[in-house]
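Novice: Input: one structure, supplied below.
Only the coordinates and a few stated rules stand behind these numbers; no lab work does. Note that the structure is a prediction, hence the values are computed from the model and not measured. As a convention, Cβ positions derive from the backbone with ideal geometry for all residues, glycine included, and neighbour counts pool all protein chains shown.
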Amino acid sequence: MAAKKPEDFFRIGAEISDKKAPDKPIDQVWQTRQFEAHLVNPANRRKLTVIIVGTGLAGGAAAASLGEAGYNVLNFCYQDSARRAHSIAAQGGINAAKNYRNDNDSVHRLFYDTVKGGDYRSRETNVYRLAEVSASIIDQCVAQGVPFAREYGGLLDNRSFGGVQVQRTFYARGQTGQQLLIGAYQALSRQVDAGTVKMFPRHEMLELIVVDGRARGIVTRDMVTGAVESHIGDAVVLATGGYGNVFFLSTNAMGCNNTANFRAYRKGAYFANPCYTQIHPTCIPVHGTNQSKLTLMSESLRNDGRIWVPKKAEDCTKDPRQIPEEDRDYYLERIYPSFGNLVPRDIASRQAKYRCDEGLGVGPAVTEIDPDGNERQVRRGVYLDFAEAIGRLGKDAVSAKYGNLFDMYAQITGEDPYSTPMRIYPAVHYTMGGLWVDYDLSSNIPGLYVCGEANFSDHGANRLGASALMQGLADGYFVLPNTINDYLADALSFPKVSQDAPEVVEAVTAVKDQIDKLLAVDGERTVDSFHKELGSIMWEYCGMERREEGLMTAIQKIRELREEFWQNVKVTGVNEDFNQTLERAGRLVDFFDLGELLCIDALHRRESCGGHFRAESQTEDGEALRDDKNFLYVGAWEYGGEGGKPILHKEPLVYKAIELKQRSYK
Amino acid sequence: MSDNTLNLTLRVWRQPNRNAPGKIEEYKISGISTDSSFLEMLDELNEQLTVEGKEPVAFDHDCREGICGMCGIVINGVPHGRGNSLDTPTTTCQLHMRKFKNGDVITIEPWRAAPFPVIKDLAVDRSAFDKIIQAGGYVSVPTGAAPEAHANAVSKLKADRAFDAATCIGCGACVAACPNSSGMLFTAAKITHLGLLPQGQPERALRVKRMIGKHDELGFGGCQNLGECAAVCPKSIPLDTISQLNRDLIASLFKGDGKH
């Protein structure tokens, strides 16, 4: 292969910009847009069909809200019920600018914290709106019966979360995502009961149908019968979550995948900032080679837990309780005295990696391949210690706050975190990148909208804790239902699309062809073995720290692996069946291509920002060093065709309401 | 942590589809780390079967964190299983192999209940649960219509009890454990969650009548207060939620708004 420098891997296209946000002072942008948007008469709404893929906080809330508005909604999910979307696993909480704690919180501060936390790589108009609607989310959820934590006076309790200095996080023990999702699921169930929403569980979207340049439908596979079907509508909403499973091991659910988004990308939708992936600092370390997924421990644990490693390598195998105070390095408190253990996720993660790289990690030594290709044994864990908190608050108080997390830890590791410090290590958790959307959450394909983690807009290069739930629900309950009308107002005049239209037939055929191709290989390696290998390439070369050479190596390795996959994968069974191997194989096909795009994006962005850390771009202290002169833009990628180079479209970021600063948590 | 590994005999229910007869097949598996989860052990079995050119075992699972409710397998006769321990119940994905010992013979079957037909092997269709929720397991509050969150104070005690009931994950173990295949614990959890909160009051009487009506219509059996459900519930939904349901049901019969 001739390619030797980053520029050989992509082409540069025209600059793009958001054209929907009105040019007003930031606190008037949303109300102006709401007023300017075209509306659909309630009597006409039932004549319009909106296809929504995904039933998590964004998709479920959007489906319920658009159903209430009177649209005819078709809602799809790969799980057996809408209630199982992976939003359910979010533990810690949801932010809202209520200022119930009287501690200087405001819409502007939530906006400021989110932009700063995202390392100035998000679009400020979108973020401001997120902060603006945040308070309504709490009202809505309480009215639905979401049992948030309360004080004895009967009012809602708050806690603080990483990266901020106010208490604005609402929570429901360690199961906030579950309770919010069940709230959205109940609202959705009400619409199913009312006949406005039709559910399609165990259906996986495998293709987007584009007619006359507009998104007009999707192709799905019925995961029980194998039937490949087309569904036609007036708009398509993707709320399909993130792509963390490109790393194989992540905190995502096993089924989380990027196929819907990637199929849209291949049909022309831009994929923005794929290299912005978030590594969560507080996960349970890997136990061995058959590990199937990683489990996160809510970072709310960092409110009371203290993170440390031994100062001396010889202490790393000792019982941590035997290591005296003076031989412990509470490294976050030492390096970042004002934020301490509550520094943002990317910083906490990278510092844990450095301690382990220095040979100060704890727990079992695991075998791994270093960037130079050599095998090494490293202890990948740091302590998260509650001894001080238990001494200060008592075991009961600690248990009341974190009991279910402690139980979960004990269940998985067989160790008791009340008596011995937890061991934690970072893991892939959230992906800030996603399909490019404008202020209306519309992709560049008219009629294709993208909500929640599946889009790119609000978290920049790094997401703050308790902001994912906020964004999912903001998009689903309050943003999309106020913006999609503007498009649907014209939809009654769109020509009807029939099931035998050439674009529909072509999309259905493409899906069937790929299924046949996968089943025909009949090789010798399992799908999971390929996925694990892809994951280890991604983690090694495109994980917490990225370098130019390593990224180019990764791209080469991914291409070779994909080649081998199509020669040697073994997909058992037939299409016309409940065939889980076939499902996983199809998802992996898109993960290969996404993995490559992710590395290309990381390669082109020669700066460090948020979750994207380029070793070549750091301060003398080893902190991420942004390059605003050259990289103050969103990198939106256009599909370059089979075997072609992707095309980079830059959306310059303009900050009017906020001053650009080097992020510092010291 | 431990370096122990297990050699096991697995007796697994294999059933090609809803209408075909099923049977138990026996497989040997070795070298399973005791730190693995039960589902990771099944992953290994499936890798082994695939390499041998055999059809892997179908089973539902997703989050593998014990919260989505998608997994559910009867292990040695117990929904979600406990291995050789007497620990509090958990989800299948949170059962770890350290609860088993070398040489164990483990019988693995799907939920068995008429309202949950088998799709394939260990995967069943639980859409009946969605239908129960659709029959009123919600508060009718359209998006945007909510009052300020602090407009209603809720006693912490009630909020906490509502939360306990709201933690139900809809896995269906309660139904699988019940000799009558009753879905009463599942239904009662929702009745209790919403019935304890001020937001749930206006529809309280109507809700319980509709949900129970749907429960019965879908073929779930009646409750005899055996408590098998609560004994296997991975979220420890209290049995007294069923008392709450019964009280609400009787009260609803005397209320006009219970009619529909």
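Novice: If Lys and Arg each add +1 and Asp and Glu each add -1, what is the summed charge of the other residues whose beta carbon sits under 10 Å from the beta carbon of A:Val166? Walk me through the numbers before you get to the answer.
Specialist: Working: positive: A:Arg101, A:Arg109, A:Arg168; negative: A:Asp103, A:Asp105, A:Asp113.
Spelling it out: positives minus negatives among the neighbours equals 0.
Novice: Right, something else. Using θ = phi - 60° and the Karplus relation 6.51 cos²θ - 1.76 cosθ + 1.60, list the HN-Hα couplings for the range B:175-192 in order, rounded to whole Hz, with x at every Gly or Pro.
Specialist: Rounded to whole hertz, the list is 5, 5, 7, 7, x, 9, 6, 7, x, 5, 5, 4, 5, 5, 4, 6, 4, 6.
Novice: Which value at 222 nm does the protein assembly as shown reach when only helices count, each DSSP H run of 4 or more adding -39,500 (n - 2.57), with the total divided by all residues and rounded to the nearest 500 deg cm²/dmol?
Specialist: -10500 deg cm²/dmol
Novice: Expressed as a whole percent, how much of the Cα-Cα distance distribution for the range B:5-109 exceeds 25 Å? Before the final figure, lay out each step's value.
Specialist: Numbers: 792 of 5460 pairs.
Beyond 25 Å sits 15 percent of the P(r) for the range B:5-109.
Novice: Residue by residue through B:158-167, how many Cβ atoms from other chains fall within 10 Å of the Cβ on average?
Specialist: Rounded to a whole number, the mean comes out at 5.
Novice: Rounded to the nearest 5, what is the percent of antiparallel bridges among the DSSP beta bridges in the protein assembly as shown?
Specialist: On the way: 66 of 91 bridges.
Bridges in the protein assembly as shown that DSSP calls antiparallel: roughly 75 percent.
Novice: Calculate one ³J(HN,Hα) per residue across the range A:604-618 by plugging θ = phi - 60° into the Karplus curve 6.51 cos²θ - 1.76 cosθ + 1.60, and present them in order as whole Hz with x for glycine and proline.
Specialist: Coupling constants for the range A:604-618: 6, 8, 7, 9, 9, 7, x, x, 9, 10, 9, 4, 6, 10, 9 Hz.
Novice: Follow-up question, since we're still on this one. Using Cα-Cα distances under 8 Å and only pairs 6 or more residues apart, what relative contact order does the range A:252-375 have, in percent?
Specialist: Working: 100 pairs, mean separation 30.5, N = 124.
Result for the range A:252-375 is 25 percent.
Novice: Could you pull out every one of the aspartates and glutamates with an alpha carbon less than 16 Å from that of B:Lys156, ignoring same-chain neighbours closer than 8 positions?
Specialist: The qualifying aspartates and glutamates are A:Glu151, A:Asp157, B:Asp164.
Novice: Another question, then. Give the relative contact order (percent, whole number) for chain A; include only Cα pairs under 8 Å separated by 6+ residues.
Specialist: 21 percent
Novice: Quick check on the exposure proxy: order A:Arg328, A:Arg605 from fewest to most C-beta atoms within 10 angstrom.
Specialist: With the sparsest Cβ surroundings first, the list reads A:Arg328, A:Arg605.
Novice: Excluding residues fewer than 8 places away in the same chain, name every one of the lysines whose C-alpha is closer than 20 Å to that of B:Lys28.
Specialist: Partners within reach: B:Lys54, B:Lys99, B:Lys101.
Novice: May I have the pair-distance distribution P(r) for the range A:280-428, computed from all Cα-Cα distances with 10 Å bins from 0 and rounded to whole percent?
Specialist: 11, 43, 37, 8, 1
Novice: Can you give the longest stretch of chain B with no exposed loop site, where a site means GluC sites (Glu not before Pro) in a DSSP loop (not H, G, I, E or B) with at most 13 other C-beta atoms within 10 Å?
Specialist: Here the longest segment lacking exposed loop sites spans B:149-260.
Novice: Cross-chain or 8 or more residues apart, Cα under 28 Å: how many lysine pairs in the range A:538-650 fit that? Count them up, please. Display every interim value, and only then the final one.
Specialist: Working: A:Lys557/A:Lys570; A:Lys557/A:Lys645; A:Lys557/A:Lys650; A:Lys629/A:Lys645; A:Lys629/A:Lys650.
Lysine pairs meeting both conditions in the range A:538-650 amount to 5.
Novice: Could you give each residue of the range A:540-548 its phi-based ³J(HN,Hα) in whole Hz, using Karplus coefficients 6.51, -1.76, 1.60 with θ = phi - 60°, and x for Gly or Pro?
Specialist: These are the phi-based 3J(HN,Hα) values: 6, 9, 9, x, 6, 9, 10, 10, 4 Hz.
Novice: From the square roots a ≥ b ≥ c of the eigenvalues of the alpha-carbon gyration tensor of the range A:292-376, which class results: rounded (a/c under 1.5), prolate (a/b over b/c), or oblate?
Specialist: Judged from the Cα gyration tensor, the range A:292-376 comes out oblate (a/c at least 1.5, b/c at or above a/b).
Novice: Another question, then. Please arrange B:Ile29, A:Ile600 by how many other C-beta atoms lie within 10 Å of their C-beta, fewest to most.
Specialist: Starting with the residue having the fewest Cβ neighbours, the order is B:Ile29, A:Ile600.
Novice: Then there is this: List A:Lys661, A:Lys311 from most exposed to least, where exposure is judged by having the fewest other Cβ atoms within 10 Å. Write down the numbers at each step before the final one.
Specialist: Details: A:Lys661 10, A:Lys311 13.
Placing the least packed residue first, the sequence is A:Lys661, A:Lys311.
Novice: Rounded to the nearest 5, what is the percent of antiparallel bridges among the DSSP beta bridges in the range B:1-114? Present the calculation step by step, with values, prior to reporting the outcome.
Specialist: Details: 14 of 18 bridges.
Beta bridges within the range B:1-114, antiparallel portion: roughly 80 percent.
Novice: Among B:Leu49, B:Cys68, B:Ala20, pick out the residue whose Cα is farthest towards the positive end of the charge dipole of the range B:5-109, where Lys and Arg carry +1 and Asp and Glu carry -1 on C-beta, about the Cα centre.
Specialist: Of B:Leu49, B:Cys68, B:Ala20, it is B:Ala20.
Novice: Please list, ordered by chain and number, the residues whose modelled amide H lies under 5 Å from the amide H of A:Val366; skip anything fewer than 5 residues away on the same chain.
Specialist: Counting only residues 5 or more places away or on other chains, the set is A:Val378, A:Arg379, A:Arg380.
Novice: Multiplying the sequence separation of A:Lys47 and A:Lys496 by 0.36 nm and subtracting their Cα-Cα distance, what value in nm do you get?
Specialist: 160.4 nm
Novice: A follow-up question, please. May I ask you to list the aspartates and glutamates whose Cα is less than 12 Å away from that of A:Lys312, ignoring any residue fewer than eight positions away on the same chain?
Specialist: Hits, sequence-local ones excluded: A:Glu326, A:Asp327, A:Asp329, A:Glu358.
Novice: Taking the Cβ of A:Pro495 as the center, what net charge do the other residues with Cβ under 15 Å away carry, scoring Lys and Arg +1 and Asp and Glu -1?
Specialist: Local net charge: -1.
Novice: Quick one: Kirkwood hydrodynamic radius for the range A:501-633, alpha-carbon pairs, angstrom, one decimal? Could the numbers behind the result be given before it?
Specialist: Working: mean 1/r = 0.0594 Å⁻¹.
Final number for the Kirkwood radius of the range A:501-633 is 16.8 Å.
Novice: Where nothing but the Cβ of Lys and Arg (+1) and of Asp and Glu (-1) is charged, how large is the charge dipole of the protein assembly as shown around its Cα centre, in debye to the nearest 20?
Specialist: About 2100 debye.
Novice: So what does log10 I(q)/I(0) come out to for the range B:127-258 at q = 0.17 Å⁻¹, using the Debye formula with one equal point on every Cα and no solvent?
Specialist: Here log10 of I(q) over I(0) equals -0.88.
Novice: Indicate, rounded to the nearest 5 percent, the antiparallel portion of the DSSP beta bridges found entirely in the range A:73-216.
Specialist: 60 percent
Novice: Can you compute the charge dipole magnitude of the range A:280-428 about its Cα centre, using +1 on each Lys and Arg Cβ and -1 on each Asp and Glu Cβ, nothing else charged? Give it in debye, rounded to the nearest 20.
Specialist: It comes to approximately 260 debye.
Novice: Another question about this same structure. Compute and list, largest first, the equivalent-ellipsoid semi-axes of chain A from the alpha carbon gyration tensor, each √(5λ) rounded to a whole angstrom.
Specialist: After diagonalising the Cα gyration tensor, the semi-axes are 37, 30, 24 Å.
Novice: Tell me the relative contact order for the range B:127-258 as a rounded percent, counting alpha carbon contacts under 8 Å between residues six or more apart.
Specialist: Working: 164 pairs, mean separation 44.3, N = 132.
Worked out over the range B:127-258, it gives 34 percent.
Novice: Choose one of A:Gly433, A:Gln165, A:Phe494: the residue whose Cα lies farthest towards the positive end of the charge dipole of chain A (beta-carbon charges +1 Lys, Arg; -1 Asp, Glu; about the Cα centre).
Specialist: Looking along the dipole axis, the top candidate is A:Gln165.
Novice: Now for a separate question. Treating the beta-carbon of each Lys and Arg as +1 and of each Asp and Glu as -1, no other charges, what is the dipole magnitude of the range B:184-226 about its Cα centre, to the nearest 20 debye?
Specialist: The dipole magnitude comes to about 120 debye.
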